[in-house]
Amino acid sequence: MLLYNLRLAARSIRRHPVLTGLIVAGIALGVAVSTTFLTVYNTLARDPIPGKSDRLHYVRLDSWDPRDAYSEDGAPPQQVTYQDLRRIMRSDIPTRQAAMFKSRMYIYPEKAGDRPFRELVRLTFSDFFPMFDVPFRYGSGWSRSADEKPEAVVVISSELNDRLFGGENSVGRKIRIEEGEFRVVGVLDQWRPRVLFYDMTQNPNQEPENVFMPFNFIEPMEIQTAGNLMGWRQEEGDGFLERLHASEMAFAQMWVQLDDAAQVKAYHSFLDAYAMDQKKSGRFQRPLNNRVTPVLELMEEWEVVPRQSRSLALISLLFLVVAALNLVGLFLGKFLARASTVGVRRALGASRRAIFLQHLVECELVGVLGGLAGLLLSLGSIAAVNRFYQPGAADEAFFQLDARMVGAAIVLSLIAAAIAGIYPAWRICAIPPARHLKNQ
Amino acid sequence: MLKMENVTKIYRTGLVETRALRDFSLEVEEGEFVTITGPSGSGKTTFLNVSGLLDGFEQGKYWLDGKDVSRLSDREMSRIRNEKIGFIFQSFNLIPDLDVFDNVDVPLRYRGLSAKERKERIERAVAQVGLSSRLRHLPSQLSGGQQQRVAIARVLAGDPKMILADEPTGNLDSAMAREIMDLLEQINEAGTTIIMVTHSPEHAQRANRQLHIADGRMVDFERIAPFPLNQVHPVQETARRTAS
């Protein structure tokens, strides 16, 4: 019977192309708006490292001003100090761990005549790469021993590799960064997490840095952060190193991989014990407030997905509902115009339910057409959002219509068609058949 | 086949009540060919609608094929309409955008028959009315008489026990009307009960029994006797005058 109803629906659509076109356009518009905003929301809210996000934890220690909390909601500072990260990284509880911060440094190309340029560089530890499943095109990350000395090695992005080495396998080649010469040990493959989850202290929608180097170059090269600096007291000490070691300025992000609840509990206890120990030397005077937070929870807490995008997604769904309600009249007019043939079908044995289903199937077929047209429209609107969001970006579009969104668009169009069609379908099946026949 | 006892059907429009059938009683035996005449507004169509389960009624009882059908759900009424009743209308009531095959197919679709059985029934029924060569024609491509034959084929394909025909020859010229009447007689001879509303005395006379409706009540000519044979009963006279 479904196939029969589909055939009748197709016939009706062909018979009333203008009216059907209007309804399809209405649904398409609603679906396009909804799909666009849902895609934006979905892209921003999606798990940036699926399958692993629950094991990756962000570490925060409350070493803040004893007289004044870091934030009104009681959260500890977003980053950790140098002295704290050096000490807590001695723990062997985490499966992997990496502190990190970003800086901006000059790179001097080999080729004579090429001008030096500034690049964002992330200073981190060797665990960064396996911990965050970073993909490599050539080579790999550096070894743990390279962290210690530190060795003059770098990992570069494929974009930088294209720029400096024409895309060749540059492993073993040298790059001059500031005053030092660094050996390339790895070239990243295309890597564009939807959210820069490993550093969400600034714009979480930035692309990963183009250079990664061992964290411990911070001291010999006296590297300053290009990220946020969070302090609460006048810094003391002479010179970079002395101030760095004594600083209460929090500037580094700290991540640990904890594979189960026991590990999380043990690490949390370790942090509390560390804070208690620090209290003896006059630090950590606030109540214990250390946090070990998984990726998605942190995204939620820091509202990485802007509230506006969630609101817009909800408003766009309401827009679809309003668009659908506006189509009720069109469907009603279309159905009532054929009341006499409905009367004939009723006389020949069609039940109310059969008539209702026949008309609902027609609504849903129109809805699917609207959904497909809406998808085409949303391709255009998403491209427009991408241009607005990343002007001039030549790489892969940030917001993309994925299979889930295509599915959502079809489901939304079916729902919209049901909203628009249920009342007209009910009206046409509820009229007594004798009345329809009189109109024939 | 059909039995109605004191059926009353009221139409309400605002505060106005119209009694379309008043204590209407009738019994039609299986295999009968009954014609009904009556003036406009006398209740003929209402009777057909009620007897065809297209409309309900306020009071009385109705048995169809031995089953009380006075108060049934929509689903049950639809099933009975589909399986036991065939309708033939004055304006043919074919679905304009379906061809002959698909029009005849409509009642069979709601019966849930297999595609093979539907096809066999359709081809047989259309052959019976002599339109095998027009299976893929749309109603608009057929003459009035051919359209009414398609409507009859639609009934034949469903193989109902009773046919309700509402002025089936009303829109046809006399030659075509005779053809349709011949077809109906053949169907009746094969055992199908037919109740036909008509304004034509000629066609009414071709039935086994002629009934007359006036003011929502039934007047059965055969039950008017005993009355002196050399005189015309006043009711019969009124009925004949109105019918002609």
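The values are calculated or read from the model by the stated rules, or taken from the named source; none is laboratory data. The structure displayed is predicted, hence computed values, not measured ones. Methodologically, a virtual Cβ is constructed for each residue, glycine included, from the backbone with ideal geometry; neighbour enumeration extends over all protein chains shown.
Here B:S42 meets the list (1) crowded, with 21+ Cβ neighbours inside 10 Å; (2) without any contact (Cβ under 8 Å) to a residue 60 or more places away in the chain almost entirely, failing just condition (2). Could we say that B:I80 is more than 9 Å from chain A (Cβ to nearest Cβ) and either touching a helix residue (DSSP H, G or I) at 6+ places or on another chain (Cβ under 7 Å) or in contact (Cβ under 8 Å) with a residue 24 or more places away in the chain (or both) here? In short, no. Among the numbered conditions (1) surrounded by fewer than 22 Cβ atoms within 10 Å (Cβ to Cβ); (2) more than 8 Å from chain A (Cβ to nearest Cβ), the only one that B:F47 does not meet is (1).
Which residue, of B:A207, B:A175, B:A165, is out of contact with any Cys (no Cβ under 6 Å at 6 or more places or on another chain) and in a strand (DSSP E or B)?
Matching residue, one of B:A207, B:A175, B:A165: B:A165.
Tell me yes or no: at least one residue of segment B:57-66 is under 24 Å from A:L6 (Cα atoms), surrounded by 17 or more Cβ atoms within 10 Å (Cβ to Cβ) and away from chain A (no Cβ under 13 Å). Within segment B:57-66, not a single residue is under 24 Å from A:L6 (Cα atoms), surrounded by 17 or more Cβ atoms within 10 Å (Cβ to Cβ) and away from chain A (no Cβ under 13 Å).
Residue-wise test of (1) at pLDDT 95 or above; (2) crowded, with 16+ Cβ neighbours inside 10 Å.
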{"residue": "A:F197", "(1), (2)": "no, yes"}
{"residue": "A:P204", "(1), (2)": "no, yes"}
{"residue": "A:E207", "(1), (2)": "no, yes"}
{"residue": "A:V211", "(1), (2)": "yes, yes"}
{"residue": "A:P214", "(1), (2)": "yes, yes"}
{"residue": "A:L229", "(1), (2)": "no, no"}
{"residue": "A:E235", "(1), (2)": "no, no"}
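Scanning segment B:83-92 for residues that are facing chain A (nearest Cβ under 7 Å) and more than 14 Å from A:P433 (Cβ to Cβ) gives a single hit, B:S91. Taking segment B:133-142 as the range and being of a type outside the set (D, E, K, R) and either buried (at least 16 other Cβ atoms within 10 Å of the Cβ) or touching a residue at least 24 places away in the same chain (Cβ under 8 Å) (or both) as the test, the residues that pass are B:L135, B:H137, B:L138, B:P139, B:S140, B:L142.
Among the candidates B:G145, B:G158, B:G130, B:G170, the residue that is closer than 19 Å to B:I85 by Cα, of a type in the set (G, A, S) and touching a residue at least 12 places away in the same chain (Cβ under 8 Å) is uniquely B:G158.
So which residues in segment A:75-85 are within 17 Å of A:M299 (Cα to Cα) and either small (G, A, S) or assigned to a helix (DSSP H, G or I) (or both)?
Hit for segment A:75-85 is A:A75, nothing else.
Of the residues in segment A:364-374, not one is in contact (Cβ under 8 Å) with a residue 24 or more places away in the chain, within 14 Å of chain B (Cβ to nearest Cβ) and within 16 Å of A:R11 (Cα to Cα). Residues in segment B:1-22 that are among the β-branched types (V, I, T) and exposed (fewer than 14 other Cβ atoms within 10 Å of the Cβ): B:T13, B:V16, B:T18. Looking at segment A:343-357, which of its residues are within 10 Å of chain B (Cβ to nearest Cβ) and either hydrophobic (A, V, I, L, M, F, W, C) or within 27 Å of A:V31 (Cβ to Cβ) (or both)? Listed by number, the residues that qualify are A:V344, A:A347, A:L348, A:A350, A:A354, A:I355.
When A:V155, A:V171, A:V185 are checked against the criterion of being more than 14 Å from A:P109 (Cα to Cα), assigned to a loop (DSSP other than H, G, I, E, B) and of a type in the set (A, V, I, L, M), a single residue qualifies: A:V171.
For segment A:86-106, the set of residues classified as in contact with a helix residue (DSSP H, G or I) (Cβ under 9 Å, 6 or more places away or on another chain) and assigned to a loop (DSSP other than H, G, I, E, B) consists of A:S91, A:I93, A:P94, A:T95, listed by residue number. Within segment A:326-342, restricting attention to residues that are within 12 Å of chain B (Cβ to nearest Cβ) and in a helix (DSSP H, G or I), the residue that is surrounded by the fewest Cβ atoms within 10 Å (Cβ to Cβ) is A:S340.
Being within 11 Å of chain A (Cβ to nearest Cβ), surrounded by fewer than 20 Cβ atoms within 10 Å (Cβ to Cβ), over 24 Å from B:M181 (Cα atoms) and of a type outside the set (S, T, N, Q): is that true of B:D74 here? Considered against the rule, which asks whether it is within 11 Å of chain A (Cβ to nearest Cβ), surrounded by fewer than 20 Cβ atoms within 10 Å (Cβ to Cβ), over 24 Å from B:M181 (Cα atoms) and of a type outside the set (S, T, N, Q), B:D74 comes out as yes. Can you find a residue in segment A:367-382 that is buried (at least 19 other Cβ atoms within 10 Å of the Cβ) and either β-branched (V, I, T) or touching a Lys or Arg at 6+ places or on another chain (Cβ under 6 Å) (or both)? Scanning segment A:367-382 turns up at least one residue that is buried (at least 19 other Cβ atoms within 10 Å of the Cβ) and either β-branched (V, I, T) or touching a Lys or Arg at 6+ places or on another chain (Cβ under 6 Å) (or both). If you go through segment A:381-403 one residue at a time, do you hit one that is assigned to a helix (DSSP H, G or I) and over 27 Å from the mean Cα position of the chain (by Cα)? Checked segment A:381-403: no residue is assigned to a helix (DSSP H, G or I) and over 27 Å from the mean Cα position of the chain (by Cα). As a summary of the residue check, B:V106 satisfies the conditions (1) within 12 Å of chain A (Cβ to nearest Cβ); (2) surrounded by fewer than 20 Cβ atoms within 10 Å (Cβ to Cβ); (3) closer than 22 Å to A:Y4 by Cα; (4) in contact with a Leu (Cβ under 9 Å, 6 or more places away or on another chain) except for the one numbered (2). When every residue of segment A:346-355 is checked against the conditions, at least one turns out to be on the phi < 0 side of the Ramachandran plot and in contact with a strand residue (DSSP E or B) (Cβ under 8 Å, 6 or more places away or on another chain).
Taking the criterion of being of a type outside the set (S, T, N, Q) and either part of a loop (DSSP other than H, G, I, E, B) or buried (at least 18 other Cβ atoms within 10 Å of the Cβ) (or both), the residues of segment B:77-93 that qualify are B:M77, B:I80, B:R81, B:K84, B:I85, B:G86, B:F87, B:I88, B:F89, B:F92.
A:L288 meets each of the listed conditions (1) within 18 Å of A:S34 (Cβ to Cβ); (2) of a type in the set (A, V, I, L, M); (3) surrounded by fewer than 18 Cβ atoms within 10 Å (Cβ to Cβ) apart from (1).
Matching residues to (1) more than 31 Å from the chain's Cα centre (by Cα); (2) of a type in the set (S, T, N, Q); (3) surrounded by 14 or more Cβ atoms within 10 Å (Cβ to Cβ):
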residue	(1), (2), (3)
A:A98	no, no, yes
A:K102	no, no, yes
A:I107	no, no, yes
A:P116	yes, no, no
A:L123	no, no, yes
A:S126	no, yes, yes
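Can you work out which of the residues in segment A:196-219 that are in a helix (DSSP H, G or I) and touching a helix residue (DSSP H, G or I) at 6+ places or on another chain (Cβ under 8 Å) is farthest from A:L241 (Cα to Cα)? This residue is A:F215.
Which of the residues belonging to segment A:107-128 are in a loop (DSSP other than H, G, I, E, B), in contact (Cβ under 8 Å) with a residue 12 or more places away in the chain and over 19 Å from A:M221 (Cα atoms)? A:P109, A:E110, A:D127 - these are the residues of segment A:107-128 that are in a loop (DSSP other than H, G, I, E, B), in contact (Cβ under 8 Å) with a residue 12 or more places away in the chain and over 19 Å from A:M221 (Cα atoms).
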